[in-house]
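Here the structure comes first, spelled out in structure tokens, and everything after it is commentary.
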Amino acid sequence: QFGNNCSKIIIMTSSSSSLFPPRPPFPFSSCSPGEICAFNIHGLEAPFKAVVLNGTSGEGQLRARGLVDCELQKEYTFIIQAHDCGSGPGGTEGKKSHKAVVHIQVNDVNEFAPVFREPRYHAAVTEGKIYDSILQVEATDQDCSPQYSQICNYQITTTTTPFAIDRNGNIRNTEKLIYDRQQQYEIQVTAWDCGQKRALHSVPVRIDVKPVCKPGWQGWNKRVDYEPGTGSKQLFPKMHLETCGGPLSSVRTTVELQTSHIGKGCDRETYSEKSLQKLCGASSGSTDLLPAPSAATNWTASLVTDSGRDSDLIFRFDGRQAAKIPDWVVPQNLTDQFTIATWMKHGPSPGLRAEKETLLCNSDKTEMNRHHYSLYVHNCRLVFLLRRDFTQVDTFRPAEFHWKLEQICDKEWHYYVINVEFPVVTLYVDGVTYDPYLVTDDWPIHPSQIDVQLTVGACWTGNKGENSGEVTKPRFTQYFRGSLSGLTIRPGKIESQKVISCLQACKEGLDINSLESLDKNIKFHFNPAQSILVMEGEELENMNAAVRKVSYINSRQFPTPGIRRLRISTAVQCFGEDTCITIPDIDAVVMVLQPSEPRITITGVERLSRPAADLRASGGVDLFQDLHIISTVTRADEIIHNLDYCDVLVLGEELRPGQESLQLQPSALLGKHLDSTNSTSGVDSMANYEQVVRQVRYYNWQPEPLLERRFRLTCSELNGRYTSNEFNLEVSVLHSSEAGEHVNHMIAPPQYMQMVHHPSMIHGLYPSHNSGVPSAATVVIVMCIAALVVVVVLGIYRIHLTHQQEVKMAETAKEADATWKDSALTITVNPMEVGGGGMWQDEDDITSAESDDSEEEVDVQLPRMQRSSKKGQNWDKTISY
């Protein structure tokens, strides 16, 4: 048996990484009186073995058979039993001792360093507070004993930080954190175990400082860039409303797009007023009282203009300028139905007692001072005066119509239209109808033979008052202070609300992206200009989603670049509370980027040579038959856009009245938004312009003294904002001798040769053997007399034909002018250079004039003209390239 206390043996050992037995060995002894030969260990894979050291004394030793690791197993328990050597031969009949329990405890070695549970830590705090614990970091140790596995200390290794950490890993701030001073802190933290072993790697800790929660919109950008041509673009795709946890019953948000500094209040098409009216389907027959200054419209030359960078024609009046409208421009009879329209920008008048400020006035030119009709502003009220004549009405009738509106003096652009259906007068401001708040009656004006004067920007005063005998010098009074644009008057018709809305419509505004996906509980409303959007809802998340759909759109192909300001204001209501949170307004901008500038290029044959007969022919000469109009951008890519006018200018000497003209068939304009007049108007595609310009023809019924004519063609888009190159064309006139030489050189057909042969050439056609001196002289004399008779007859006929052509040309010009007023082209001939000879004429009218002559003369003349024209066309094909 084992010795004292042999029933249990307790042995202590240390954790080791060695495969050899730990030092020192574990000695023990048995209590048997005989000799001990072996010790047996009973246990499940115990990593120990027992070795006999002294069989007589029974001393033995426990040894480890492999690695003993505290982290794998802290203690072992097994049974040991001793065997004696036995009494029989060969050691048989040996006896075993009783079983003793062995308990081994493995002592720990500090072999592991602390490790943090997370690779990094993050927390957020609100500024201005002292926290007991912002967050807790935690490290662990893989050692098995409490001495080495427990973390006894944490430390912040980053210097000069307003934070501290305790033994449990709790981080706190030592001073109040200020958001405006620093929004984020990065610190490093390390740990020690109780054996003073330090962590191999520190852990990063990020602490974000949040401002004190303030209700308001978050997640929006102050600037939004808009690329022209991209359609609708979301303004606030990530924006949301922070309410700081306050319960809300409803939210009402207003988004306002501020564009008052762009053009006339927003980005609109900058075509001429006449072109815009045609695009909107307005009634024809309007008179533009404020056209662009030119030689033909010189009454606006003395006014101050402000075209701006977008070619938008604006006239500024400072109380000292006014214009008299020429009598030939003024509509003579307004009838009971007419329309007056204008753009106006006006502010409060200076002084305590404001004077009348006249936009438009029709008054006596001399002797009297009666106002027949006028439109003026007085004390921020718009007043329209219309006094009828006794010849129209002889009773007390409405004469003054007053409107009091905020728009009149808000210093912003507005579009005013006055529709008169006497005695009813209706005012439209930006497409919205307003009835007069005051209508006063007056007696009709007594008939007189005094001429009237129509003026813009002031009223013309004659030399005597209507009701007094005071004599004054004729002058302007009641000057206007403000800006005007597009002032027109149209007699005989009133404009529909649809046309009025089209004329003042903005091409930019607010929009809702994917309107069909908007929550049905969201209520929204746009103003007519789509510059203000109001949205209202009860659920905060639905409102956030709705506001994120708000977009900006600009449908112009070439929008005006620059800033558009945005303002978002929000009002909230809380559940049953007298006080509720306040949402501050936010301001942002939409930056419309510069569009790609188009380059309009006109190409074609620049020199033409034509026989004089072609200029007299019924078909005239096609000037621009090989013309091409294209437009490219910076990248040299061809783009498609409209044109609004093409001018054909005559360079050098004016066209001679009655002898030369430029003509265009009215049929060439059918189906197109084009109008051939002496003013710039008509918006249509480049293809249509190209097709029409190719049909412009030049006629000259007396080309003998002319050697050449030079023309210049230019085209424009957006009322001159983008203009083409100047395409110059030179037409050389070939007279008989020159044409003959050229035709001989080109071996033209004999019949054409006969028309241009010289008399000497004709003489060579007769046989020489029949020519004696007397007979030859006789023949020559007879031929000369015959030739003289033919020349006289042809001269008389040519004078008669020319007279008929001149008369018919004048009639055709009148008919064509009346026909083309209702169509739409902008092929413009410069009237001041052309003079009276610049009248458009229809070639069909020349043919009809010739048909009015005798049938015999037509049979004689037309074949010659046709042959000449045909040969001229052959000659054209030869020299045009």
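Taken together, the values in this text are just the output of simple stated rules run on the coordinates, not laboratory data. Keep in mind that this is a model prediction, so the values were computed, not measured. When we count neighbours, we look across all protein chains shown, and the Cβ atoms used for this are built from the backbone with ideal geometry, even at glycine.
Using a Förster distance of 51 angstrom, determine the FRET efficiency expected from the C-beta separation of THR160 and ASP410, and round it to 0.05. Calculated transfer efficiency: 0.30.
Highest-first packing order for the peptide set 496-509, 514-527 is 496-509, 514-527, based on the mean count of other beta carbon atoms within 10 Å. Over all distinct Cα pairs, what is the inverse of the mean 1/r for the range 599-734, reported as the Kirkwood hydrodynamic radius in Å? Evaluated on the range 599-734, it is 15.7 Å.
Taking 0.36 nm per residue of separation and subtracting the Cα-Cα distance, full extension of the segment from ARG320 to ASN379 would add 19.3 nm. Projected label points at LYS176 and HIS122, each 7 Å from Cα along the beta carbon direction, are separated by 2.8 nanometres. Each label point was placed 7 Å from the Cα along the Cα-to-Cβ direction; for LYS365 and ARG565 their separation is 4.9 nm.
Taking R0 as 51 Å, what's the FRET efficiency between THR395 and GLU597 from their Cβ-Cβ distance, rounded to 0.05?
For R0 = 51 Å, the calculated efficiency reads 0.25.
With contacts taken as Cα pairs under 8 Å and at least 6 residues apart, the range 115-210 reaches a relative contact order of 37 percent. Inter-label distance, SER501 to ASN725: 4.5 nm, where each label sits 7 Å from its Cα along the C-beta direction. To the nearest 0.05, what FRET efficiency results for ARG694 and ILE639 with a Förster distance of 22 Å applied to their C-beta separation? Computed FRET efficiency for ARG694 and ILE639 comes out at 0.55.
May I ask you to order 485-491, 98-104 by the average number of other C-beta atoms within 10 Å around their residues, highest value first?
485-491, 98-104
Ranked by the mean number of other Cβ atoms within 10 Å of their residues, highest first, the peptides 293-305, 439-451, 370-382, 313-325 fall in the order 370-382, 313-325, 293-305, 439-451. Please report the base-10 log of the normalised intensity I(q)/I(0) for the range 273-504, using a Debye sum with one equal scatterer per alpha carbon and no solvent, at each q in 0.16, 0.17, 0.18 (1/Å). At q = 0.16, 0.17, 0.18 Å⁻¹ the computed log10 ratios are -1.23, -1.42, -1.62.
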